[in-house]
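No lab work stands behind these numbers, since they all come straight from the coordinates. In this text, all values refer to a predicted model and were calculated from it rather than measured experimentally. Virtual Cβ from ideal backbone geometry, glycine too; neighbours counted across all protein chains shown.
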Amino acid sequence: MKKLILAAAVLCFFASCKDSTTTSTTDNSQNKKNLENNKKVIKAIETGDAAVIDSLIASDAVDHQTPTGMDLKGPDSVRHMLKDMHNHMKDLKFDIIADAANGDYIFTLSKFKGTCTDASMGMPAGTKMDMTGVDVVKVKDGKMVEHWGFVDANEMMKNMKGMPPMDNMKMENKMAPKDSTKK
């Protein structure tokens, strides 16, 4: 389950744009182009259109948010993850809530929805996914070079059948030092 959810967020890293040589917010035409490319990539993720994605990802791209906790490198790994996601999910939909571009960076707040088609990732078939996430993408020479993604942990837990929302869980700090004066 966690892998599938994180894979969805990872795929948002395709939100890429054409390179800008400055981080100034005054280059509105470049920022607009970046946002247009971002929307094209998100649509390609929904449909599984790897050709569009290939045109916007650098050969040395690095995604810092992956299901395994290790960096995902290069477009071949991304294409594999996209295919796997479409093998286990249907009705994929990313709704952009808000987005912004500033020079070499795109920031996107989006809602991800989909339905599990099988019992992969520890979730029963038919499980409806509905999560909110934020993606930050760095671009260079017109292609995505780095991605950081963040998902709402509480929403992730709600999607997992049998798991209580985080606000209902008793959180203990097991790393805190023990008070040796208490018996």
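Based on the Cβ-Cβ distance from ASP54 to SER120, what FRET efficiency comes out when R0 is 30 Å, to the nearest 0.05? The partial results should precede the final answer.
Numbers: r = 25 Å, r/R0 = 0.84.
Calculated transfer efficiency: 0.75.
Working out 0.36 nm times the residue gap between ASP84 and ALA153, then minus their Cα-Cα distance, what length gain in nm do you get to one decimal?
Working: separation 69, 0.36 × 69 = 24.84 nm, distance 2.24 nm.
Additional length available on full extension: 22.6 nm.
Which value, in debye to the nearest 20, gives the size of the charge dipole of region 40-115 about its Cα centre, when Lys and Arg are +1 and Asp and Glu are -1 at the Cβ? Can you show the working numbers first?
On the way: 9 positive and 12 negative charges, 65 e Å.
The calculated dipole for region 40-115 is roughly 320 debye.
For the pair MET70/ILE97, report the inter-label distance in nm, with labels modelled 7 Å from Cα in the Cβ direction.
The answer from the label model is 3.2 nm.
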